Amino acid sequence: MCQEGRSPVFLQSERFGGTLMKKIVELKNISKSFDGETVLDNINLDIYDNEFLTLLGPSGCGKTTTLRIIGGFEHPDQGDVIFMGERINDMPPHKRNVNTVFQKYAMFPHLNVFENIAFPLRERRVPKKTIEEKVHEMLSMVMLNGFDHRRVTSLSGGQQQRVAIARALIGQPKVLLLDEPLGALDLKLRKDMQQELKKIQKATGITFIFVTHDQEEALTMSDTIVVMSQGRIQQIGTPQDIYNEPKNAFVADFIGESNILDGTMLKDLMVRFSGTTFQCVDKGFAPQEPVDVVVRPEDVDIVAQEKGMLRGVVTSVTFMGVHYEVIVDIGGFKWMIQTTDYVGEGEYIGLYIEPDAIHIMKKSEYSGLYGDYSSFSNELDELSDPGEESEDYE
Amino acid sequence: MTGSGKMRRVVLAPYSLWALLFILVPLCFVAYYAFTDNSFAFTFDNILRFFTATSEVEGKQVYTYLLIFWRSLKLAVISTVICFLLGYPLAYFMARSSERRQKVMMTLIMIPMWMNFLIRTYAWMTILQDTGILNSVLTAIGIGKLHIIGTESAVVIGMVYDYLPYMVLPIYSVMAKMDVKLLEAARDLGCNGMGVLKRVILPLSLPGVLSGVTMVLIPSVSTFYISQKLGNGKFFLIGDAIEGQYVANNLHFAAAMAFILMVILLVVMALMKKYTNKRVYGGGDSF
């Protein structure tokens, strides 16, 4: 894509399997605290040209603060923000070639749709005719043709969202920051906007940095996901990496559904958990090293009791549309299994797990906190939408 | 519907009665007195007198009341502008402060209003006198004496002091409601500090400015006591003229002046409202 070795910003990316990509934003050892409380703890992150990167994590994990530091609304206590090779720690927001789509859109209520979108161009004293052309171009991009003279306060949430995107893109920034932009929309509209945002990102080639707490949104939209927790980056990777090879119990639990078990690595390709020894595909651990074992609910097969590698009793069955969600008690640990075969509550069943369905992780501070479904309740788990996930990732 | 309509009327009755007795009826009396002579016969004389009466000032023939009115308007506008220039940044600063500080500042602004206006004016007399506190301080720090009492400046100082809270409070209440995200959005979209002020803060606070200006301009146009005490009676204002005629038991001409003042202020307010309606919240262009 870029010519080799031309300047320090043309660096080899590990993330894209050796293709040459231009680093556009670099965060180096960023730390930030508010009132003595650490919000960001030594964040290191490279963001590349043209990518759709998502900062994903629960509220309070520091994702929005990271975004605000890139936008120039917060200043790091320590570390450097590099933009296209230049340190911009002290550059005010209006001088950065970065625009933001704010959480609740932040439309200017005293201006109509046209003037809201034209706002950045008016500031730059762009000729009137050019402004008119550009605004109309933007309006058709976000499919709001003919809305020029409407008041922004008369628009629906989805329409305001589109105006906010048009307004942020009209100045052709190098990077667009999106702070949970879809949070206020209903589910159907949110799905449509996800597709549309992705399309806009591809069409414009602008780097999108997207903040969300919705793991499904992150999986469907991103080129790269950065999972954050407690002010630290837990894992950086493609959606497939993050889902299939979670780095620790936090990531495994936060992204999708996971059974996370306490295990011991006997030797390469052999792990013991739930009192049984399994073949697996992981190696490179010390002999007898304690590990966390992840088994995704959709990777477990239900078989007759005598054929099972593990045996247990079904404690609950929930019909989810495409599949059933089955909770199985195996020696006191409750597993979640997603299956299209019906089993009855109270039935004794066997579980069969293929070696490549087992993922081994190093022990971390999050070990033992997640991955048991003993207190599982569908109603409480409103964010999970497993029907969709199993379709996408099986 | 009729039930609730009836209910509304019952609930509103005391207020309607109040408005009728203490607003509408007195206004009718003012108009009635303005257009009648001492024997209560209809006449335009009082109104005409306001526009035509002349007198000699420093050897020149001038229209007495038009001159007084012009002077009142001039001092009122100057006071209003100064109140705006002082009050707007103060309101902005207040709205952006911590909640605690907002409360403290609010109280500090309100406290002078709890004291009687005559006492406040007397206090300013002692401050501004040639031998007053201000001049003692100025002399002590080597600047020398300033002659302020009895000048237009003294009158303006008094008015600004009295009316500043009426400018600050409405602007503050609009500013406090303003979404901080809008200011961030403006900066994000390329505005420097001045740009944010000009393109977002100012237009969004216009309704507050408008009511602040109204609440300062109107009482300062009709001010009377301040000019007598701080202006040493040299700057006869329209309020003083009305008071003078009233005290001299010339009720009909006093009413005529009050009536004219009221009509002029109404016209000014209507124009101001029409002008700002076009600008507030994108008016004209929308729909």
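The values are calculated or read from the model by the stated rules, or taken from the named source; none is laboratory data. A quick note: this is a predicted structure, and the numbers were derived from the prediction, not measured. Glycine gets a Cβ as well: all are built from the backbone with ideal geometry, and neighbour counts include every protein chain shown. Side chains are part of the model used for accessible areas, which takes the heavy atoms of the whole protein and leaves out ligands, DNA and RNA. Shrake-Rupley method; radii C 1.70, N 1.55, O 1.52, S 1.80 Å.
Below are the figures for this structure:
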{"quantity": "So A:Val328, is it touching a strand residue (DSSP E or B) at 6+ places or on another chain (Cβ under 9 Å) and within 13 Å of A:Leu351 (Cα to Cα)", "calculated": "yes"}
{"quantity": "Some residue of the range B:57-64 being out of contact with any strand residue (DSSP E or B) (no Cβ under 6 Å at 6 or more places or on another chain), touching a residue at least 12 places away in the same chain (Cβ under 8 Å) and surrounded by fewer than 16 Cβ atoms within 10 Å (Cβ to Cβ)", "calculated": "no"}
{"quantity": "Cβ pairs under 8 Å, 6+ apart, first in the range B:230-248 and closer than 18 Å to B:Val57 by Cα, second open to solvent by 70 Å² or more (accessible area, probe 1.4 Å)", "calculated": "B:Leu237/B:Phe224; B:Asp240/B:Phe224"}
{"quantity": "Counted residues, the range A:120-143 - those being within 13 Å of chain B (Cβ to nearest Cβ) and open to solvent by 90 Å² or more (accessible area, probe 1.4 Å)", "calculated": "2"}
{"quantity": "When residues of the range A:154-173 are limited to those that are in a loop (DSSP other than H, G, I, E, B) and within 13 Å of another protein chain (Cβ to nearest Cβ), the one most open to solvent (accessible area, probe 1.4 Å)", "calculated": "A:Gln172"}
{"quantity": "Pair list, Cβ < 8 Å and 6+ apart or interchain, from the range B:25-43 residues that are among the β-branched types (Val, Ile, Thr) to residues that are outside any loop (DSSP other than H, G, I, E, B) and exposed (fewer than 11 other Cβ atoms within 10 Å of the Cβ)", "calculated": "B:Thr36/B:Phe42"}
{"quantity": "Those residues of the range A:193-223 which are over 15 Å from the mean Cα position of the chain (by Cα), of a type outside the set (Val, Ile, Thr) and open to solvent by less than 10 Å² (accessible area, probe 1.4 Å), in sequence order", "calculated": "A:Met193, A:Gln201"}
{"quantity": "Qualifying residue in the range A:174-183 (condition: without any contact (Cβ under 8 Å) to a residue 40 or more places away in the chain, small (Gly, Ala, Ser), open to solvent by 10 Å² or more (accessible area, probe 1.4 Å) and assigned by TED's automatic domain parsing to the domain that holds A:Gln103)", "calculated": "no"}
{"quantity": "Filter result for B:Val137 (more than 11 Å from chain A (Cβ to nearest Cβ), within 13 Å of the chain's Cα centre (by Cα) and in a helix (DSSP H, G or I))", "calculated": "no"}
{"quantity": "Test: residue in the range B:34-47 that is loosely packed, with under 13 Cβ neighbours inside 10 Å and touching a strand residue (DSSP E or B) at 6+ places or on another chain (Cβ under 9 Å)", "calculated": "yes"}
{"quantity": "Selected residue (criterion: farthest from the chain's Cα centre (by Cα)) from residues of the range A:354-373 that are under 24 Å from A:Val326 (Cβ atoms), small (Gly, Ala, Ser) and surrounded by 17 or more Cβ atoms within 10 Å (Cβ to Cβ)", "calculated": "A:Ala357"}
{"quantity": "Hits in the range B:1-15 (condition: open to solvent by 70 Å² or more (accessible area, probe 1.4 Å), of a type outside the set (D, E, K, R) and assigned to a helix (DSSP H, G or I))", "calculated": "B:Thr2, B:Met7, B:Val10, B:Val11, B:Leu12, B:Pro14, B:Tyr15"}
{"quantity": "Failed criterion for A:Gly71 (all others in (1) open to solvent by less than 20 Å² (accessible area, probe 1.4 Å); (2) farther than 23 Å from A:Ser229 by Cβ; (3) within 14 Å of chain B (Cβ to nearest Cβ) hold)", "calculated": "(2)"}
{"quantity": "Residue count, the range B:241-287 (criterion: outside any helix (DSSP H, G or I), at pLDDT 80 or above and open to solvent by 60 Å² or more (accessible area, probe 1.4 Å))", "calculated": "2"}
{"quantity": "Among residues of the range A:144-153, those that are within 13 Å of chain B (Cβ to nearest Cβ) and either touching a residue at least 60 places away in the same chain (Cβ under 8 Å) or open to solvent by 60 Å² or more (accessible area, probe 1.4 Å) (or both), counted", "calculated": "4"}
{"quantity": "Candidate set: the range A:108-119, residues that are open to solvent by less than 40 Å² (accessible area, probe 1.4 Å) and within 8 Å of chain B (Cβ to nearest Cβ); chosen: the one farthest from B:Leu204 (Cα to Cα)", "calculated": "A:Phe119"}
{"quantity": "Subset tally (residues that are in a strand (DSSP E or B), open to solvent by 40 Å² or more (accessible area, probe 1.4 Å) and among the acidic types (Asp, Glu)) for the range A:23-45", "calculated": "2"}
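Results for (1) in contact with a strand residue (DSSP E or B) (Cβ under 9 Å, 6 or more places away or on another chain); (2) in contact (Cβ under 8 Å) with a residue 40 or more places away in the chain, shown as yes or no for each residue.
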{"residue": "A:Lys63", "(1), (2)": "yes, yes"}
{"residue": "A:Ile69", "(1), (2)": "yes, yes"}
{"residue": "A:Arg87", "(1), (2)": "yes, no"}
{"residue": "A:Glu123", "(1), (2)": "no, no"}
{"residue": "A:Val135", "(1), (2)": "no, no"}
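For every residue, the table says whether it meets (1) open to solvent by less than 50 Å² (accessible area, probe 1.4 Å); (2) β-branched (Val, Ile, Thr).
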{"residue": "B:Ser72", "(1), (2)": "yes, no"}
{"residue": "B:Thr80", "(1), (2)": "yes, yes"}
{"residue": "B:Phe84", "(1), (2)": "no, no"}
{"residue": "B:Ala91", "(1), (2)": "yes, no"}
{"residue": "B:Ser97", "(1), (2)": "yes, no"}
{"residue": "B:Thr107", "(1), (2)": "no, yes"}
{"residue": "B:Trp114", "(1), (2)": "no, no"}
{"residue": "B:Leu118", "(1), (2)": "no, no"}
{"residue": "B:Met125", "(1), (2)": "yes, no"}
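So that you can scan it fast, the table gives a plain yes or no per residue for (1) of a type outside the set (A, V, I, L, M, F, W, C); (2) in contact with a Leu (Cβ under 8 Å, 6 or more places away or on another chain); (3) over 27 Å from A:Ser364 (Cα atoms):
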| residue | (1), (2), (3) |
| --- | --- |
| A:Lys191 | yes, no, yes |
| A:Glu196 | yes, no, yes |
| A:Ile206 | no, yes, yes |
| A:Ala218 | no, yes, no |
| A:Asp223 | yes, yes, no |
| A:Val226 | no, yes, no |
| A:Gln230 | yes, no, no |
| A:Gly237 | yes, no, no |
| A:Phe254 | no, yes, no |
